[in-house]
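One structure is given here, and the rest of the page talks about it.
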Amino acid sequence: MPLHRFETAEHPVDEAARLEIIKACGFNYAVPSPALDAIVAEASALFSAPIALISIVEEQVQRFLARVGLDASHTGRDVAFCAHALHATVPLIVPDATLDRRFAGNPLVVGPPHIRFYAGAPLIPRGGPALGTLCVIDTKPREATPEQLSALVRLAGKAVEHIEKDMTS
């Protein structure tokens, strides 16, 4: 059996503060959010991608606040593409995960859901660190257009607005 290699994302420098904010948010992953569900549905449609997620990257796992096209409610942080996206203010784009040394041997690439394309925009509340991402995933390699990426960033902003509203209520 071949040894599959992939890179686990480094923790952001503001990891302790980031985790405190996530804890303070008290996300209820069991209760669906129609607003967030609409955002992932729109992202999936804009990219014609089978999977779209709003992820929150916690200490050991990433959990999904909203999802379309994926039954799982979470994955390990060690295999999470979204953990890599926490390090930037712009989307992380992976046109073909099998050709990217960070992800080629990732269990989510070599096994179900067989990720090939990934685009993830970080969810960054005002004045805070990235909490997770709005991402779209495809099982086929592809490119993203500038218009799609702009729309992904706009939708990530809508998701952040909703999360911030919940944080203050």
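The values are calculated or read from the model by the stated rules, or taken from the named source; none is laboratory data. From a predicted model like this one, the values you see are computed outputs, not experimental measurements. Heads up, the Cβs are rebuilt from the backbone with ideal geometry, glycines too, and the neighbour counts pull from every protein chain shown.
Cβ-Cβ distances below 7 Å connect the following pairs, each with a first residue in the range 3-22 that is within 23 Å of G111 (Cα to Cα), a second residue that is of a type in the set (G, A, S) and part of a loop (DSSP other than H, G, I, E, B), and a separation of six or more residues or different chains: H4/G105; R5/G105; F6/A104; F6/G105.
Scoring H84 on the criteria (1) assigned to a helix (DSSP H, G or I); (2) in contact with a helix residue (DSSP H, G or I) (Cβ under 9 Å, 6 or more places away or on another chain) leaves a single failure, condition (2). Each residue in the range 16-43 was checked for being surrounded by 14 or more Cβ atoms within 10 Å (Cβ to Cβ), assigned to a helix (DSSP H, G or I) and not β-branched (V, I, T), and 10 pass.
Let's see how each residue does on (1) among the hydroxyl-bearing types (S, T, Y); (2) surrounded by 15 or more Cβ atoms within 10 Å (Cβ to Cβ); (3) more than 15 Å from the chain's Cα centre (by Cα); (4) in a helix (DSSP H, G or I):
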residue: G127; (1), (2), (3), (4): no, no, yes, no
residue: V136; (1), (2), (3), (4): no, yes, no, no
residue: A156; (1), (2), (3), (4): no, yes, no, yes
residue: A159; (1), (2), (3), (4): no, yes, no, yes
residue: H162; (1), (2), (3), (4): no, yes, yes, yes
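Kindly indicate whether G76 is loosely packed, with under 15 Cβ neighbours inside 10 Å, closer than 28 Å to E20 by Cα and modelled with pLDDT under 95. When the stated conditions are applied, G76 does not pass them. Do we find a residue being small (G, A, S) and under 16 Å from the mean Cα position of the chain (by Cα) anywhere in the range 103-116? Within the range 103-116, none of the residues are small (G, A, S) and under 16 Å from the mean Cα position of the chain (by Cα).
Out of the residues in the range 126-145 that are charged (D, E, K, R) and without any contact (Cβ under 8 Å) to a residue 40 or more places away in the chain, state the one that is nearest to S48 (Cα to Cα). By that ranking, first place goes to K140.
With the structure loaded, tell me whether T89 is of a type in the set (S, T, N, Q) and part of a strand (DSSP E or B) or whether it fails that test. Answer is no for this residue.
Regarding Q148, is this residue closer than 22 Å to I39 by Cβ, in contact with a Cys (Cβ under 6 Å, 6 or more places away or on another chain) and surrounded by 14 or more Cβ atoms within 10 Å (Cβ to Cβ)? No: the conditions fail for Q148.
Applying the condition of being in contact with a Phe, Trp or Tyr (Cβ under 9 Å, 6 or more places away or on another chain) and at pLDDT 95 or above to the range 146-169 and asking which residue is nearest to I56 (Cα to Cα) yields L152. Might you check whether a residue that is in a loop (DSSP other than H, G, I, E, B), touching a Ser or Thr at 6+ places or on another chain (Cβ under 9 Å), in contact (Cβ under 8 Å) with a residue 60 or more places away in the chain and on the phi < 0 side of the Ramachandran plot occurs anywhere in the range 116-125? Checked against the condition, which is being in a loop (DSSP other than H, G, I, E, B), touching a Ser or Thr at 6+ places or on another chain (Cβ under 9 Å), in contact (Cβ under 8 Å) with a residue 60 or more places away in the chain and on the phi < 0 side of the Ramachandran plot, the range 116-125 yields no hits at all. Comparison of A119, A85 shows that the only residue that is buried (at least 17 other Cβ atoms within 10 Å of the Cβ), under 13 Å from the mean Cα position of the chain (by Cα) and farther than 22 Å from H11 by Cβ is A119.
A Cβ distance below 8 Å, combined with a sequence gap of six or more or placement on separate chains, defines the contacts here; from the range 34-46, residues that are within 16 Å of L149 (Cα to Cα) reach residues that are among the polar types (S, T, N, Q) in the pairs L46/Q148.
The set of residues in the range 60-81 being hydrophobic (A, V, I, L, M, F, W, C) and part of a strand (DSSP E or B) consists of V61, F64, L65, A66, V68.
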